[in-house]
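Here is the structure we will look at.
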Amino acid sequence: MLNTTFMIEYAPLYGKALWLVLRLCFWGSLASLAIGFFCALIRYFKLPALSKICGAYIELSRNTPLVIQLFFLYFALPRIGVKIDSWSCAVIGLSFLGGSYMSEAFRGGLEAIGKGQTEAGLSIGLSRAQLIRYVILPQALAVSVPALGANVIFLLKETSVVGIVALADLMYVAKDLIGMYYKTNESLLMLVASYLVVLLPISILMRVIEKKLRAGGF
């Protein structure tokens, strides 16, 4: 039998941890979108030196686990005099990891647009900024939204490792309660419920946005 008294008593801890996770995911996703968008544009327009730098960043980011990146930021950098607090480490780590995945999602959307449209836009006198705003971006977003949504969910789940930099996320709280009270079933059930409360609405919202974009509703 589940100990409901225990679950009710410690639910506020999960609520506090969930709020922390949501804030981390928000800022990490926002920064990731910005990084990914600019990297995708640089690679799409094949800007010589910058394309190579973006390519190297994407390979490094995607081929190293977030745990290693956080260890580097939180434990290695202070050895050379660069100290970053736990919150900033988590946001930077999520942004660094997420930016590469967002870049590939955006790049997939950009490459789905025929080169003829780009050439036609330039031929009628559109500036590069106008071309991106009125021709490329609306179509690329419609194609990219499913992948972008999946990446946001991916980043939200990746917050489960930020406990290593002393942040009390959902996983940290669950492990702490299991270690102190041995209430494994109750602690894990509240952990799963906390993630579902956030992940399901995000998933539904992304589907709605995708449909709107494909129908030209935005």
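Per the listing Leu77, Leu70, Leu66, the residue uniquely in contact with a Lys or Arg (Cβ under 9 Å, 6 or more places away or on another chain), closer than 24 Å to Tyr172 by Cβ and among the hydrophobic types (A, V, I, L, M, F, W, C) is Leu77. Based on what the data block shows, is Val82 in contact with a helix residue (DSSP H, G or I) (Cβ under 6 Å, 6 or more places away or on another chain) and among the hydrophobic types (A, V, I, L, M, F, W, C)? No: the conditions fail for Val82. Residues that are in contact with a helix residue (DSSP H, G or I) (Cβ under 7 Å, 6 or more places away or on another chain), more than 21 Å from Lys16 (Cα to Cα), of a type in the set (A, V, I, L, M) and outside any helix (DSSP H, G or I) are absent from the stretch 142-157 altogether. Is it the case that the stretch 88-100 has a residue that's aromatic (Phe, Trp, Tyr) and surrounded by 21 or more Cβ atoms within 10 Å (Cβ to Cβ)? Yes, the stretch 88-100 contains at least one residue that is aromatic (Phe, Trp, Tyr) and surrounded by 21 or more Cβ atoms within 10 Å (Cβ to Cβ).
Restricting the stretch 9-52 to residues that are of a type in the set (Ser, Thr, Tyr), under 22 Å from Leu137 (Cα atoms) and out of contact with any Gly (no Cβ under 7 Å at 6 or more places or on another chain), the residue that is surrounded by the fewest Cβ atoms within 10 Å (Cβ to Cβ) is Ser51. The single condition among (1) modelled with pLDDT under 85; (2) surrounded by fewer than 12 Cβ atoms within 10 Å (Cβ to Cβ); (3) part of a helix (DSSP H, G or I) that Val135 does not satisfy is (2).
Considering only the stretch 175-186, how many residues are touching a Phe, Trp or Tyr at 6+ places or on another chain (Cβ under 8 Å) and in a helix (DSSP H, G or I)? Walk me through how you get there before you give the answer.
Step one: filter the stretch 175-186 for residues touching a Phe, Trp or Tyr at 6+ places or on another chain (Cβ under 8 Å), giving 177, 181, 183, 186.
When the remaining residues are screened for being in a helix (DSSP H, G or I), the result is 177, 181, 186.
Count: 3.
Leu2 meets the stated requirement of being touching a helix residue (DSSP H, G or I) at 6+ places or on another chain (Cβ under 8 Å) and not in a helix (DSSP H, G or I). Take the conditions (1) within 18 Å of Leu41 (Cα to Cα); (2) surrounded by fewer than 17 Cβ atoms within 10 Å (Cβ to Cβ); Arg107 misses just one of them, which is (2).
The condition (being under 23 Å from Val208 (Cβ atoms) and either of a type in the set (A, V, I, L, M) or in contact (Cβ under 8 Å) with a residue 60 or more places away in the chain (or both)) is satisfied by just one residue among Leu156, Leu188: Leu156.
The values are calculated or read from the model by the stated rules, or taken from the named source; none is laboratory data. Everything numeric here is computed off the predicted structure, so don't read it as measured data. Virtual Cβ from ideal backbone geometry, glycine too; neighbours counted across all protein chains shown.
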